[in-house]
Every structure is written in C-alpha cells, then in structure tokens.
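K.L.:
Could you have a look at this structure, given as structure tokens, before my questions?
The values are calculated or read from the model by the stated rules, or taken from the named source; none is laboratory data. Please read all numbers here as calculations on a predicted model, not as lab measurements. Backbone-built Cβ (ideal geometry, glycine too); neighbour counts: all protein chains shown. Please note that ligands, DNA and RNA were not included when accessible areas were found on the heavy atoms of the full protein model with its side chains. Shrake-Rupley method; radii C 1.70, N 1.55, O 1.52, S 1.80 Å.
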Amino acid sequence: MLRHLLMLILCLNGLFTLACARADDKLPNILWITSEDNGPHLGCYGDDYATTPNLDALAERSLLYRNCWSNAPVCAPARTTIITGVYPPATGSQHMRSMVPMPDFMRMYPQILRQAGYYCTNNSKEDYNLAKPDGVWDESSRNAHWKNRQDGQPFFAIFNHTISHESQLRKRPHTPVHDPAGVRVPAYHPDTPEVRQDWAQYYDKLTEMDRLVGRNLKELEEAGLADDTIVMYYGDHGSGMPRNKRWPYSSGLRVPLIVHIPEKFAHLRPDDYQAGGETGRLVSFVDLAPTLLSLAGIEPPEWMQGHAFAGVHEAEPQPYLYGFRGRMDERYDLVRSVGNGRYVYLRHYMPHRIYGQYIKYMFQTPTTQVWHQGFEDGTLTPEQALFWQEKPVEELYDLQTDPDEVRNLVGSAEHREILDELRKAHRDWVFRIRDVGFLPEAELHARAEGRTPYEVGHDPAAYPLEEIFDAAQLAAGRDREAISQLRGLLASDESAVRYWGAMGLLIRKEAGVREGRDALRAALDDPSPSVQVAAAEALACYGNDDDVQRALPVLLKNANLEESGLYVAMQALNAIDAADERAAPIRDAVAALPRQATSYDRRLRGYVPNLIDKILADLGE
C-alpha cells in the first residue's frame, strides 16, 4: 500500500514537473501598443497635468523604463529601427521617407517570429524606409487582429494609435479639456496663447489615446488571455510639438516604455523587474526586436545591432543611447547624439543650417508660426530665439539641472571629462555600425547601385569611412585655420571627401569663399553632382557677382528632377533657397522646373514641389 502511495506521489510529482516545464516552454503571446508623437507626458511618469488612468494602471503592475530613446526623433526612421533591430544610419535608411533595399541576409523581425510559429499582425501603420520583403506580416491592415489566428497559435500583435499625432494637435476647432493655463511651457517655447493651446490639446489627445489603450487591454482580459500575454506600451518618439519631434535631443527621443510580463513567464523577466517598479536601464528602439525575439526564446541574429533587455537571451546593460537626424522631409541636416541617462551630447555636421529650417508640414502647427514670428519681431528670449539661428558644432546638456536642454555646457571646464567621454562614444558608434550618413544622399544611392547601402558601408574600398569621417569633422569645425586643408580636400580622389571640402568652405561663409574661390570654381565641374551643388551654394551665397553668375546655372541644372534625379534636385533646391535674393535671376526658370517624377516612392513626391513653392514665395513676383 505504501509502495503504491509512493509511486502515486512520484507520478503526480512528475506530472507536475512536466506541466511546469510545458508552462515554461509555452510561447507567450506578445501585444505591443504604440502611440504616435508622444514623450513620457503621462501620469505614471510623474506628470500631474496628464490624465492617463489606463496607462497609469498598467504601470502599477508592470516595469516602467525611465530611459528609453526612439533613436530617431521622427516616425519613419524610428519605425525602421524597430522593424530590423539595426540603426538606420547603417542601412542608409536614416532620411525621412527614404526607400532603400535591405541586404538579403537581413529579415524584418516578424519574418523570424512567423518562422517560429507566431501569428503576426500589425494594425496598421508601417512607414518603413526599407523596402519590405514578402511575407513580413500575416496581416497588416486596419482589420489586423490577434483574434484571427488559428486556435492555440501564439500571437504577436501591434495596435498603433494615431490620435496623438502631430497633425491632431493643430486641428481646429477643438474643445479644450485640459486648461491651457495649467501648461508648463518649456524654456525654448514662447509663452503665448497659441503655444499653450497646442500643448493643452496635446494632453487632450493623450487622454484620448489612453482610452484606446484601455480598450486594447480590456479586450485581452475579456478573451481570458491576460495571463498568457506579455504587454509592451511605448510612444514612437517625442511629442509632435516643434523642437521635440524631428530633433535628437532628449525632448525628441525620450519616450515612455512600460513592460508587463505575467507571473506565468516570470523566467523571462529581467533581473530588475518588479511589478509597479521602474528602472533606469538605458534602452532604445534598436533593442526592441532583439528583446522580442528573446522573449519568444529565439536568439537574436548577430547582424542585429540592438541588445535584448529581457527574455532568455538578455544581454548586458549598455552604457549609452544613440540618436540621429538626417533629412527631415525636404530639408537636409546631419546630427548625431549620445546620452548616458543624465547628459546628452549632440554633434552637428551642418551647423550652417538653422535649427528651424522651413519644413512645410512643421509650419502648419500654430506654435511654429507664432514662434517664428516672435523671432522676426525680436520678442523672444535668448533661449527661445536659438531655434531660429545657426547651430553650434557641439552641444552638451545636463538633464538633472536643465531638463529643457537650453544651457549648452560645451564650454564648461567642469564638464570637459564627460564631453570627451561622449565625443568618444559618438566616434566609436559611427565606426561600429559603419554609419553611411556621411555620404550625400544622392551619392549613397549611386554607390549602392547593384547592392545595398549597408553592403557599401561595410566595404572599406567602396566607403573609406575613416577618411570621410575625418573630412566631415574638419568641415563642420568652423575654425578659419582649417581653410587651407579644406581646399586640399577638394583635390581628393574620393568624391565624399571633396564634398566635405566644399561643405567646409560653405560653412565658413565669406572667408571660405574668399580663400577657397579657385578650388570652389573648379568644383563646379566636378564629376559628382553633390560636390557641384555644395561648391555652387558656397559661391552663390557668399561669393562676388562673378561667382554668383557662375554658380546659379549649375544649381539650376542640378535642380531639374528629370535630369538629375530626386536627391540631387532636393540638394540643389535647398541651395537655391539658401541663396535667397541672389537667386532672383533664375526665379522664372525655377518656376518652370519639373515637380514630379513617378518613379520615386510616393511618400517622397511632395518634397520638390514644397521647395519650389518656398523659393518662389520668398523671391516674390
């Protein structure tokens, strides 16, 4: 009798162990809830002005991440980071609404999940800057839903809420819910009724977004799946307000991230996981795909550049976060940023471009309009006026003492050590990922013909990064003493080095043209159109009458979309716009330029018309 009892106990124990093992082996469902254009302006992040009860309740039973960056401060490159687990400056997809091919060996993460048996849905925004291969999603549409999976099939589902998007902040009429008088206006914005209304309306939209999140969570609970599903909520980059969105400051990159891992999957939790707790661990969008795979028991492939922060393949915490800014709609720029949780460092490679370049879409927001008008009228404080001026070469901010990032510490002897540390982190990252952003966009596409920008970037013969990076550093430095070296760069066999030689002389304005005139004039006939345009812009903006007469035909020729291609045309039209009234002799010719080329991705087709319209408006009749 005793023997049979012992056998029964051992059998039951074995069954219990097997059941536990099966519970551990069971793949978790994973639900991602995302919202557009919002930073951590939520109650659970300590914002008393916010009304976000559903997200606050989720945070009370989850882990809240204090230091999550979106890597890019605008949607398309941020989403491209997520879908691959690779930094867009490595794949050439860093520019807003660009479209480049992905190497054959890379896959978008849903392809990997589907191979493991997951039913993968996206509802519904994609907006990737990489050409999407076949078979990424089981369904990606407004009807996509985890309910459509086969019985017992694990799911990965995204629900993306657009109600908080930039476009929603400026919709009028609007009945306010949050009192504009209660808004905390950041130091870089003027305190006007329009600015307060936009900020208050942003918070109203966050409340509406929060209700949608509550609906997603309730649906999960009513289906009896809450205990079987890992939930992650995040915003896709900083708020849609100007100088948040599109800018790789903390204000444009820091986003909310809340992760809930049910008790059933406690073995997948990171060591710092505590229900209702928070962590200062540095994580970013490049880490989301590796983390997702790790939670599903899949080892992230080596080509992914992010690091899993949960799951069976959790990596070590990382010391830095990285951000980037490339072309924003029709306007070119090149900025890289590094953060360590407290300090934020920015390195500008086009410091001659003002922060607030005219982007048609951005200028539809009332805040942008009154802010710019305040600058024109001379009514802004120095902190507010900065956005409408040229950029310094470097910026450094202490978020503990300056959360609005308005007091640049680059000149502070007390902060020299952290400045040098983050400078080195920036350089190391550029070379680790093989950042191809130091090629002009047209040059990037030309070199990648027949292969991908990623493969070009990883081929030292095709992309001598050290030589090009050093040229970019020299060009952006602004110091007059470098002019003779910049002239020398224009004699290089490497077209990207010549481009940075011309850019360096342009950045130094009249002095650069005066001392580099012969080299710039010779560069008007350079084999590279990107070099031609950079040299012509310098001569057109800062040269004498003869220089202008030589430069304008070169700019006009390259601005022809049908003959020069989209990317050269955009560069040339930006240069014509920068020349301002000096471009008046070619106004009628600009008006007659082609505006469309259907061979390009439809998302890009508004940029050339935007530039032409802006030039014509500035030059008048």
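K.L.:
Six or more apart or on different chains, Cβ under 9 Å: which pairs go from a residue in the range 576-588 that's within 15 Å of Arg331 (Cβ to Cβ) to one that's of a type in the set (Asp, Glu) and modelled with pLDDT of 95 or more? Could you list them?
P.N.:
Ile576/Glu537; Asp577/Asp618; Ala578/Glu537
K.L.:
Next question, about the same structure. Given (1) open to solvent by 10 Å² or more (accessible area, probe 1.4 Å); (2) in contact (Cβ under 8 Å) with a residue 12 or more places away in the chain, where does Arg215 come up short, assuming only one miss?
P.N.:
Against the list (1) open to solvent by 10 Å² or more (accessible area, probe 1.4 Å); (2) in contact (Cβ under 8 Å) with a residue 12 or more places away in the chain, Arg215 comes up short only on (2).
K.L.:
For Val283, state whether it is open to solvent by less than 10 Å² (accessible area, probe 1.4 Å), in contact (Cβ under 8 Å) with a residue 24 or more places away in the chain and assigned to a helix (DSSP H, G or I).
P.N.:
In short, no.
K.L.:
Can you name the residue in the range 510-548 that is free of Cβ contacts under 8 Å to residues at least 12 places away in the same chain and part of a loop (DSSP other than H, G, I, E, B) and, of all such residues, is most open to solvent (accessible area, probe 1.4 Å)?
P.N.:
Asp525
K.L.:
I want to confirm something. Restricting to the range 318-360 and keeping residues that are free of Cβ contacts under 8 Å to residues at least 40 places away in the same chain and under 28 Å from Val195 (Cβ atoms), which single residue is surrounded by the fewest Cβ atoms within 10 Å (Cβ to Cβ)?
P.N.:
Ranking the candidates gives Ile354 first.
K.L.:
I'm trying to understand the selection: among the residues of the range 329-352, which are assigned to a strand (DSSP E or B) and of a type in the set (Ser, Thr, Tyr)?
P.N.:
Across the range 329-352, the qualifying residues are Ser337, Tyr343, Tyr345.
K.L.:
Among the residues of the range 490-509, which ones are open to solvent by 30 Å² or more (accessible area, probe 1.4 Å) and among the aliphatic types (A, V, I, L, M)?
P.N.:
Listed by number, the list holds a single entry, Ala491.
K.L.:
Identify the residue in the range 124-152 that is outside any loop (DSSP other than H, G, I, E, B) and open to solvent by less than 30 Å² (accessible area, probe 1.4 Å) and, among all such residues, is farthest from Tyr87 (Cα to Cα).
P.N.:
So the residue we want is Trp146.
K.L.:
Continuing with this model, one more query. Of all the residues that make up the range 421-449, how many are open to solvent by 70 Å² or more (accessible area, probe 1.4 Å) and modelled with pLDDT of 95 or more?
P.N.:
The total comes to 5.
K.L.:
In the range 403-456, how many are acidic (Asp, Glu), outside any helix (DSSP H, G or I) and under 30 Å from Gln384 (Cβ atoms)? Give the derivation first.
P.N.:
Narrowing the range 403-456 to residues acidic (Asp, Glu): 404-405, 414, 417, 420-421, 428, 435, 441, 443, 449, 455.
Subset that is outside any helix (DSSP H, G or I): 404-405, 435, 449.
Remaining after also requiring under 30 Å from Gln384 (Cβ atoms): 404-405.
Number satisfying all stated conditions: 2.
K.L.:
Also, quick follow-up: List pairs: first in the range 303-314 and free of Cβ contacts under 8 Å to residues at least 40 places away in the same chain, second among the charged types (D, E, K, R) and surrounded by 24 or more Cβ atoms within 10 Å (Cβ to Cβ), Cβ under 9 Å, 6+ apart or cross-chain?
P.N.:
His307/Asp287; Ala308/Asp287; Phe309/Asp287
K.L.:
Which ones in the range 557-593 are open to solvent by less than 50 Å² (accessible area, probe 1.4 Å) and charged (D, E, K, R)?
P.N.:
Asp577, Arg587
K.L.:
Within the range 392-408, take every residue that is touching a residue at least 40 places away in the same chain (Cβ under 8 Å) and out of contact with any Ser or Thr (no Cβ under 9 Å at 6 or more places or on another chain) and give me the one that is least open to solvent (accessible area, probe 1.4 Å).
P.N.:
Taking the candidates together, the pick is Asp398.
K.L.:
Further, regarding this structure: Residue under question is Gly238, and the condition is that it be surrounded by fewer than 16 Cβ atoms within 10 Å (Cβ to Cβ) and in contact (Cβ under 8 Å) with a residue 40 or more places away in the chain; does it hold?
P.N.:
Taking the combined requirement at face value, the residue does not satisfy it.
K.L.:
Restricting the search to the range 257-280, which residues are buried (at least 23 other Cβ atoms within 10 Å of the Cβ) and in a loop (DSSP other than H, G, I, E, B)?
P.N.:
Ile261, the sole residue that qualifies.
K.L.:
Also, I was wondering about something else. Name the single residue, out of those in the range 60-80 being part of a helix (DSSP H, G or I) and open to solvent by 10 Å² or more (accessible area, probe 1.4 Å), that is nearest to Gly235 (Cα to Cα).
P.N.:
Restricting attention to the range 60-80, the residues satisfying the condition of being part of a helix (DSSP H, G or I) are 60, 75-80.
From the residues that got through so far, the ones that are open to solvent by 10 Å² or more (accessible area, probe 1.4 Å) too are 60, 79.
On the way: Glu60: 18, Arg79: 11 Å.
This residue is Arg79.
K.L.:
Take the residues in the range 474-489 that are touching a residue at least 60 places away in the same chain (Cβ under 8 Å) and part of a helix (DSSP H, G or I), then tell me which one is nearest to Asp518 (Cα to Cα).
P.N.:
Ranking the qualifying residues of the range 474-489, first place goes to Ala475.
K.L.:
Listed residues Asp47, Asp56; which is charged (D, E, K, R), modelled with pLDDT of 95 or more, open to solvent by 10 Å² or more (accessible area, probe 1.4 Å) and part of a helix (DSSP H, G or I)?
P.N.:
Asp56
K.L.:
Considering only the range 457-472, I want to know if a residue exists there that is without any contact (Cβ under 8 Å) to a residue 40 or more places away in the chain, hydrophobic (A, V, I, L, M, F, W, C), in contact with a helix residue (DSSP H, G or I) (Cβ under 7 Å, 6 or more places away or on another chain) and not in a helix (DSSP H, G or I).
P.N.:
Among the residues of the range 457-472, at least one is without any contact (Cβ under 8 Å) to a residue 40 or more places away in the chain, hydrophobic (A, V, I, L, M, F, W, C), in contact with a helix residue (DSSP H, G or I) (Cβ under 7 Å, 6 or more places away or on another chain) and not in a helix (DSSP H, G or I), which makes the answer yes.
K.L.:
Would the range 361-371 turn up any residue that is more than 20 Å from Tyr234 (Cβ to Cβ), open to solvent by less than 10 Å² (accessible area, probe 1.4 Å) and in a loop (DSSP other than H, G, I, E, B)?
P.N.:
Yes, because at least one residue in the range 361-371 is more than 20 Å from Tyr234 (Cβ to Cβ), open to solvent by less than 10 Å² (accessible area, probe 1.4 Å) and in a loop (DSSP other than H, G, I, E, B).
K.L.:
Would you call Arg114 part of a helix (DSSP H, G or I) and under 19 Å from Ser294 (Cβ atoms)?
P.N.:
yes
K.L.:
So is Glu383 modelled with pLDDT of 95 or more, farther than 30 Å from Met304 by Cα, over 21 Å from the mean Cα position of the chain (by Cα) and surrounded by fewer than 15 Cβ atoms within 10 Å (Cβ to Cβ) or not?
P.N.:
No: the conditions fail for Glu383.
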